[in-house]
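Below is one structure. I have some questions about it.
Where a number appears in this text, it was derived from the coordinates with a stated rule and is not lab data. From a predicted model like this one, the values you see are computed outputs, not experimental measurements. So basically every Cβ, Gly included, is an ideal-geometry build from the backbone, and we count neighbours across all protein chains shown.
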Amino acid sequence: MTTKAIDYDLIRKLAEILDETDLTEIEVEQDKLRVRVARMPAPAAAYAPAPAPAAQAAAPAAPAIAPGEVKAPDPATHPGAVSSPMVGTCYLAPEPGSRNFVEIGDSVRQGQTVLIVEAMKHMNQIAAPRAGKVTAILVDNGQPVEYGEPLMIIE
């Protein structure tokens, strides 16, 4: 069995794509050769969203949960969570200046496009996995998202 030599130019080009797109990993398969290039994600501060308005800034300063109170559930574990299938940039509307695909309170049908995740200049339509009502949108338009990150809740 013969093995192909490592294509260092391909690896360099993939690394350049990572730098240009702010992705954390990329994998390419060609013939029987698979190349995966990954880097450690940048510190969280590098992806910090714009400063929140003063009204929202007060929310983290809320008092600690008293004994007996119920802590808010993690959106990632919510059964109606719609998670990002990839690393990329999330868009709530089909193009700048147009109406969002959905708003909180909208009813959606299974398979309906609810947002877009752009990865490597490709717009990936994200469909509602179930019919229901949009109860929360957890991302902002143009926000970078990670694989598995909850984007919205459909109940």
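Assign unit charges at the C-beta atoms only (+1 for Lys and Arg, -1 for Asp and Glu), then state the dipole size of region 75-154 relative to its Cα centre in Debye, rounded to the nearest 20. Don't skip to the end; give the middle numbers.
Details: 5 positive and 7 negative charges, 56 e Å.
With Lys and Arg at +1 and Asp and Glu at -1, about 260 debye.
Something else about it: Can you tell me which of 75-84, 11-20 comes out highest on packing, and rank the rest after it, using the mean Cβ neighbours within 10 Å?
Numbers: 75-84: 15.8, 11-20: 13.3.
So the order, starting with the most tightly packed, is 75-84, 11-20.
Give a quick list of trypsin sites (Lys or Arg not before Pro) in region 69-155 that DSSP marks as loop, anything other than H, G, I, E or B, with at most 14 other Cβ atoms within 10 Å.
Details: sites: LYS71, ARG99, ARG109, LYS121, ARG130, LYS133; in loops: LYS71, ARG99, ARG109, LYS121, ARG130.
The qualifying sites are LYS71, ARG99, ARG109, LYS121, ARG130.
Under a Cβ-Cβ cut-off of 15 Å, what is the net charge of the residues other than GLN110 that fall near it, where Lys and Arg count +1 and Asp and Glu count -1? All intermediate terms of the calculation are to be shown ahead of the outcome.
Details: positive: ARG109, ARG130, LYS133; negative: ASP106, GLU155.
Residues close to GLN110 contribute a combined charge of +1.
Once you list every other residue whose beta carbon is under 11 Å from the beta carbon of MET86, what net charge do they have if Lys and Arg are +1 and Asp and Glu are -1? Walk me through the intermediate numbers first.
Details: positive: none; negative: GLU25, GLU118, GLU146, GLU149.
Value of the local net charge: -4.
For region 75-154, report the translational diffusion coefficient in µm²/s to the nearest whole number, using Stokes-Einstein at 20 °C, 1.002 mPa s, and a Kirkwood Rh over Cα pairs. Walk me through the intermediate numbers first.
Values: Rh = 12.3 Å.
Value of D from the Cα-based Kirkwood radius: 174 µm²/s.
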